[in-house]
Amino acid sequence: MNADKVSLTKTDHLEKMLPDAIERFMNWLEQYGLEGYDLYDLWATGYGKWAKGLYHKRKAFGAPFVIPVFLADFLWPGVRRIVAAKKRYATSDAHFAKAYLFLYELTDKQEYLKKAIKIADEMLTYASDGYSGPCWGYPFDWQTNRGLWPKGIPFITSTPYVYHVFTKLYDVTKVEKFHDVARGIAAFAQFDLNKTLLPNGTTASSYSPLDNTSVVNANAYRAELLVDSAIRFDNKEQLAEAEETIR
């Protein structure tokens, strides 16, 4: 058997496996639900936040107190089912919604579109309030080396995933309300983050509205979202912001 035939045989096998794998995963998802656990659940407990905060302030003194959390996470990860409740996460929901939209495009089955819209509507119910547009963070307190960020504080690393759900929903359905949500999300990225002037004359935007960090992935997320929004909605100000972030 030559290489071309082997390649075709493997491709045929994968094409037969894929629909079954997708169906089995969706059956599992229907049973398990969209709520789940997170890597940071142990660190979001009262003890976890205290220990991590102490470690960030005084590493040598705090190290013995964070070791038990590391060990529990490594040796007994299922303990998070005891110390934490399942929650909804914007990034997870966004991935599920996009997956359903791709399945709808492939199959033209309305059930997939309905599932995607349902998840999108539910994401709006737990968006953070008080900003220029809808935005999302973590459903738990996050202790960092810059202090405690309370749950619900929106992050530019989470919000773009939801933005792309709503732009995709518009592209698929042409329903204007989905574009309106996306436009609002882009307003958060444009107006609600803090800027830091860097020594080389450029500026960096923050991770959240609470900090003044200069983190590469946060700026990459912001630039990508603003470029897409600038093109989609013909917004020259957002394009200028994106170019500044890229620089």
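If R0 equals 41 Å, the separation of the Cβ atoms of D12 and K118 corresponds to a calculated FRET efficiency of about 0.75. For H56, the solvent-accessible surface with a 1.4 Å probe is about 60 Å², rounded to the nearest 10. For W142, the residues whose modelled amide H falls within less than 5 Å of its own, excluding neighbours fewer than 5 places apart on the same chain, are W149, K151.
Taking a straight Cα-Cα cut-off under 23 Å and skipping sequence neighbours fewer than 8 places away in the same chain, the lysines within cross-link reach of K49 are K57, K59, K86, K87, K151.
Spin-label model, F65/S92: points 7 Å from Cα along the beta carbon direction are separated by 2.9 nm.
For a straight C-alpha distance cut-off of 30 angstrom, the lysines reachable from K174 (same-chain residues fewer than eight places away being disregarded) are K98, K109, K114, K115, K118, K236. In this view, the solvent-accessible surface of V83, computed with a 1.4 Å probe and all protein chains in place, comes to about 70 Å².
Of all lysines in the structure, not one lies under 18 Å Cα to Cα from K195 without also being fewer than 8 positions from it along the same chain. Taking the charge dipole of the stretch 141-247 about its Cα centre, with +1 at Lys and Arg Cβ atoms and -1 at Asp and Glu Cβ atoms, the residue from H164, Q143, T202 reaching farthest to the positive side is Q143. Between the listed residues A97, A72, A84, the Cα displaced farthest toward the positive end of the dipole of the stretch 40-137, a dipole computed from Cβ unit charges relative to the Cα centre, is found at A72. For the chain, the solvent-accessible area of protein heavy atoms averages 57 Å² per residue (probe radius 1.4 Å; ligands and nucleic acids excluded). Segment K195..A85, full-extension length gain: 36.1 nm, with 0.36 nm per residue of separation and the alpha-carbon distance subtracted. For S214, nonlocal amide neighbours, meaning residues 5 or more places apart or on other chains whose placed amide H falls under 5 Å from its own, do not occur.
Couplings 3J(HN,Hα) of the stretch 192-201, computed from phi: 9, 9, 8, 10, 10, 6, 9, x, 8, x Hz, in residue order, whole Hz [Karplus 6.51 cos²θ - 1.76 cosθ + 1.60, θ = phi - 60°; x for Gly and Pro]. In this rough spin-label picture, where each label sits 7 Å from Cα along the Cβ direction, the A220-M26 distance is 3.2 nm. In the chain, the portion of solvent-accessible area held by carbon and sulfur atoms comes to 59 percent [1.4 Å probe, whole percent, DNA, RNA and ligands not counted]. The residues M123, M17, M26, sorted by heavy-atom accessible surface at 1.4 Å with ligands and nucleic acids left out, run M17, M26, M123 from largest to smallest.
Under the simplified labelling scheme, the A240-T125 pair shows an inter-label distance of 4.1 nm, with each label point 7 Å from Cα along Cα→Cβ.
Rounded to the nearest whole Hz, the Karplus-based 3J(HN,Hα) values (6.51 cos²θ - 1.76 cosθ + 1.60, θ = phi - 60°) of the stretch 51-56 follow the sequence 5, 5, x, 5, 4, 5, with x at glycine and proline. Each residue of the stretch 221-237 was assigned a 3J(HN,Hα) from its phi angle through the Karplus expression (A = 6.51, B = -1.76, C = 1.60, θ = phi - 60°), giving 4, 5, 4, 4, 5, 5, 5, 4, 5, 4, 6, 5, 10, 6, 10, 5, 5 Hz with x at Gly and Pro. Calculated on C-alpha atoms, the gyration radius of the stretch 44-181 divided by its Kirkwood radius gives an Rg/Rh of 1.10.
The values are calculated or read from the model by the stated rules, or taken from the named source; none is laboratory data. Source: prediction; values computed, not measured. Reconstructed Cβ throughout: ideal geometry from the backbone, glycine too, with neighbour counts over all protein chains shown. Just the protein is used for accessible areas: all its heavy atoms, side chains included, with ligands, DNA and RNA removed. Shrake-Rupley method; radii C 1.70, N 1.55, O 1.52, S 1.80 Å.
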